[in-house]
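The values are calculated or read from the model by the stated rules, or taken from the named source; none is laboratory data. These numbers were taken from a predicted model, which means no experiment stands behind them. With ideal geometry, Cβ positions are generated from the backbone for all residues, glycine too; neighbour counts draw on all protein chains shown.
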Amino acid sequence: MSILQEILTWSEDLADWQSDAIARLFTKPNISPEDINDLYALLKKEHGIIDAEERVAKRLTEDQISKPAPSGTRVDLLCVKNLNRVNALANNQQLSFSAKGLTVIYGDNGSGKSGYSRVLKKVCRARDQSEPILPNANFPPQAGKAEATFEINVSGVVKEEKWVEGKPADDILSTIAIFDHRCARAYVDEEDDFSYVPYGLDIFEGLANVCRQLKEKIDADIIQCDVNNSQFEDLRGSTSVGRLIENLSSGTAFDDVEALANLEPEDIQQFETLNRSLNTDNPLQNAELLKRTSQRFMRVAKNFKEKFAYVNDSEFARFSELDQKFLSAKVASDLAKDKFNESGHFLSGTGGEAWNPSLPLNG
C-alpha cells in the first residue's frame with residue numbers, strides 16, 4: 001500500500017473539515033486564505049455553528065489517488081489521441097510515446113505542450129489539479145466536456161481507455177506517474193540545501209499549518225466574543241436577572257435569557273410608571289436646579305455677613321444714641337428760637353429788609 005493510500009485510509013475516520021483539508025492539500029501546493037475560510041466554516045459547522053453560505057465538505061476520495069500497478073504488471077503509455085475541447089489543441093490529433101527509451105516533446109510557447117500535460121495530470125491523478133481544462137476560446141461554445149483516448153500496453157496487451165472530464169478514469173491509468181514543476185515537492189532550508197520528503201508525507205506538514213491558521217482564527221474569535229459583564233454591573237444582585245448576569249457566559253442558555261426578557265403586563269405597567277416618574281422628576285435636572293439654588297443662597301449669606309458688620313447691635317445702639325442726642329438738640333434749638341422771636345429784639349445790624357426772605361434783592 002502506498003503512502004497516499006494509507007493517508008486515504010487514515011482520513012476515513014477524520015472529521016469532514018480535516019478530510020476536506022487533506023483533499024485540498026493533495027491537489028494544490030499552497031492553501032489560500034479562501035481555503036482557510038472554507039475550512040474554518042466547516043470546522044464550526046462540525047460543532048453546531050451554522051454556516052450562512054452552507055458550504056459542504058469534499059472529503060478525500062479514492063478516485064483522487066493514484067494506485068500502484070498490480071504486482072508483476074507493467075504499464076506503458078503508447079499515445080494520447082482523439083482529444084476534443086481541450087484548450088486550443090486541434091481535435092482528434094495523436095501524440096505518441098515510445099514504449100522504450102525516452103520520448104522528447106518540444107515546441108514553442110503556445111504550441112500545446114501544457115494542454116497535453118493538463119490532461120495527463122487529470123487522468124493519471126497527479127498531485128497538482130490546479131490548472132483547469134478549458135475549451136478553445138477562439139471558437140463558439142461547444143456542447144460536451146473535454147475528452148481523450150489513451151492507448152496503453154499492460155504487460156504486453158495493448159488496450160484503449162477513454163476518458164471524459166468529470167468521470168474518474170480507469171484505475172490502471174493512475175499507475176502512470178506525472179511529474180512537472182507544479183507537482184514538485186522539493187524543500188529548501190535556510191542554507192539552500194534540498195531535502196527529500198517521501199511523496200505524500202508533505203500533506204501532514206500542510207495539515208499542521210492549516211491547524212495553526214485555524215487556531216489563530218479561533219483565538220481571534222474568542223477575544224472578540226469574550227463576555228464583558230461590566231456594562232451590566234448595576235444589574236447584579238439577588239434578583240433573577242442579577243443572578244443571570246452574575247453567571248453570564250458563552251454557556252448561558254438562550255431560552256433562560258428570553259424567559260427573563262419577556263415582561264408580564266404588571267411589569268410593563270410598573271415600567272411605564274417609573275418611566276413617567278423619571279421623565280417628570282428628572283433626578284439629574286433636579287440636582288442641577290438644587291445646585292444653582294444652593295449657590296444663590298451662599299452668595300446671599302456672604303453678602304449678609306459682610307453688611308451685618310454695619311448693622312449689628314452695638315452699631316444700632318450707637319446710632320440710636322446719636323439720634324436721641326439730635327432730637328434733644330433740635331428741641332432745645334426750637335425752644336430758643338421761639339423764645340428769641342417772642343422778645344422782638346434783634347442783634348445790631350439785623351432784622352432789616354435784607355433779612356426778610358420774602359422781599360426781592362436790589363440790584
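Assessment of region 8-25 against the conditions (surrounded by fewer than 13 Cβ atoms within 10 Å (Cβ to Cβ) and under 30 Å from Asn138 (Cα atoms)) yields no matching residue.
Sort through Val257, Val241, Val311 and tell me the only one that's surrounded by 10 or more Cβ atoms within 10 Å (Cβ to Cβ) and not in a helix (DSSP H, G or I).
Numbers: Val257 fails: not in a helix (DSSP H, G or I); Val241 fails: not in a helix (DSSP H, G or I).
Of the residues listed, the single one that is surrounded by 10 or more Cβ atoms within 10 Å (Cβ to Cβ) and not in a helix (DSSP H, G or I) is Val311.
A count restricted to region 121-138 and to residues that are surrounded by fewer than 20 Cβ atoms within 10 Å (Cβ to Cβ), under 18 Å from Asn82 (Cβ atoms) and more than 42 Å from the chain's Cα centre (by Cα) stands at 2. Within region 202-238, being surrounded by fewer than 14 Cβ atoms within 10 Å (Cβ to Cβ) and outside any helix (DSSP H, G or I) holds for Cys225, Asp226, Val227, Asn228, Asn229, Gly237, Ser238.
Being in the same structural domain as Gly115 (by TED's automatic domain parsing), out of contact with any Leu (no Cβ under 8 Å at 6 or more places or on another chain) and not polar (S, T, N, Q) narrows it down to one residue among Ala41, Ala88; which is it? Give the steps one after another, and end with the answer.
Numbers: Ala41 fails: in the same structural domain as Gly115 (by TED's automatic domain parsing).
One residue alone meets the criteria, Ala88.
Could you give every pair whose Cβ atoms fall below 8 Å, whose first residue belongs to region 222-245 and is in the same structural domain as Glu258 (by TED's automatic domain parsing) and within 19 Å of Leu263 (Cα to Cα), and whose second residue is among the charged types (D, E, K, R) and not in a helix (DSSP H, G or I), counting only separations of at least 6 or pairs across chains? From region 222-245, the pairs are Gly242/Arg236; Ile245/Arg236. Looking for something modelled with pLDDT under 90, in the same structural domain as Ile36 (by TED's automatic domain parsing) and β-branched (Val, Ile, Thr) - is there at least one such residue anywhere in region 188-198? There is at least one residue in region 188-198 that is modelled with pLDDT under 90, in the same structural domain as Ile36 (by TED's automatic domain parsing) and β-branched (Val, Ile, Thr). Candidates Leu201, Leu248, Leu278: the one that is closer than 30 Å to Leu8 by Cβ, modelled with pLDDT under 85 and of a type in the set (A, V, I, L, M) is Leu201.
Within region 65-112, restricting attention to residues that are of a type in the set (Lys, Arg) and surrounded by 17 or more Cβ atoms within 10 Å (Cβ to Cβ), the residue that is farthest from Ile176 (Cα to Cα) is Arg85.
The single condition from (1) in contact (Cβ under 8 Å) with a residue 24 or more places away in the chain; (2) not in a helix (DSSP H, G or I) that Tyr40 fails is (2).
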